Amino acid sequence: MSNKTSSQRTYTPIANYLTIFRMVIIIPVLLLALINTYLVYKTDYPPFDKSIFILIHTLILLFFVAGMVTDYFDGHLARKRNEVSSFGKIFDPIADKLITNITLLYLVAINFLPIWAFGLLLFRDVLVGGLRTYLASQKVDVSADIFGKLKTLVLSIGIIITLILMFLPAYISNLNTEWFKLYVSPVVIYVGIGLGLISGFIYFWKARKYLSPKITK
């Protein structure tokens with residue numbers, strides 16, 4: 001009986017390991033993004049030899065895809081196996097936002113995304129994150145809405161499309177992706193940011209009753 005109890009206490013849900021994996025890959029994503037940004041500004045992009053830039057860029061894409069895939073599976077496993085944990089509730093959204101925002105900031109740094117678009121999303125994430133932390137301290141759980149889930153999906157797709165279109169011509173000759181880079185991928189990202197702003201407004205609206213001062217008779 002004691003051995004069984006001990007094993008139950010030390011058991012860590014698989015979903016938590018996936019969250020930890022995403023927290024770990026934040027480090028190489030950040031380092032690779034910094035290296036490529038340095039290459040762009042140090043060597044006066046685009047005349048420099050692009051081989052190293054494209055290799056690093058491809059690695060950033062692979063890490064980002066790995067992060068998004070594990071983000072889906074850790075949530076799916078936690079719900080399916082009934083292993084939703086406090087660790088997952090706290091660190092899962094943190095890992096998701098860090099990977100996404102670092103990658104978006106990378107796109108800003110190499111002039112593929114305007115700073116205002118990133119600023120809007122960051123502003124939204126800071127406000128919602130602060131409110132979520134406050135509500136957690138009050139033992140209040142406000143569930144995410146469909147717009148928040150759509151925002152994550154659409155924004156991830158937009159980032160992946162943008163990252164692919166940036167280096168695809170290097171692997172496929174005579175491939176013109178300028179139209180997609182100028183119109184398609186930015187629009188998808190902007191739609192994702194718009195959904196994020198809508199979900200942020202809805203989150204504040206749902207939480208408003210917990211922010212109002214309590215009236216005592």
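How much length, in nm to one decimal, is gained on full extension between LYS50 and TYR210, taken as 0.36 nm per residue of separation minus their Cα-Cα distance? All intermediate terms of the calculation are to be shown ahead of the outcome.
Values: separation 160, 0.36 × 160 = 57.60 nm, distance 5.28 nm.
Using 0.36 nm per residue and subtracting the Cα-Cα distance, I get 52.3 nm.
Please go through the residue pairs LYS80/LYS209; LYS97/LYS149; LYS80/LYS149; LYS151/LYS206; LYS50/LYS151 and name each one whose alpha carbons sit more than 24 Å apart in this structure.
With Cα atoms farther than 24 Å apart: LYS80/LYS209; LYS50/LYS151.
Under the rule of at least 5 residues apart or a separate chain, name every residue whose amide H is placed under 5 Å from the amide H of LYS50.
Under 5 Å from the amide H of LYS50 lies no amide H from a residue far enough along the sequence or on another chain.
Once phi is turned into θ = phi - 60°, what whole-Hz ³J(HN,Hα) does the Karplus curve with 6.51, -1.76 and 1.60 give for every residue of segment 150-165, x standing for Gly and Pro?
5, 4, 4, 5, 5, 5, 5, 4, x, 5, 4, 4, 4, 4, 5, 5
Using r as the Cβ-Cβ distance of LEU150 and PHE21, and R0 as 22 Å, what FRET efficiency do you calculate, to the nearest 0.05? It would help to have the intermediate numbers written out before the result.
Values: r = 24 Å, r/R0 = 1.11.
Calculated transfer efficiency: 0.35.
Mind listing the Cα extents of segment 13-111 along all three principal axes, in Å, largest one first?
On the principal axes, segment 13-111 reaches 54, 19, 17 Å in Cα extent.
Please turn the phi angles of segment 117-127 into ³J(HN,Hα) values with the Karplus equation 6.51 cos²θ - 1.76 cosθ + 1.60 (θ = phi - 60°), one per residue in order, whole Hz, x for glycine and proline.
Those phi angles translate into 5, 5, x, 4, 5, 5, 4, 4, 5, 5, 5 Hz.
The numbers here are math on the coordinates, done by the rules we state, and not lab data. If you're wondering where the values come from, they're calculated on a predicted model, not measured in any experiment. Please note: Cβ atoms are built from the backbone with ideal geometry, for glycine as well, and neighbour counts cover all protein chains shown.
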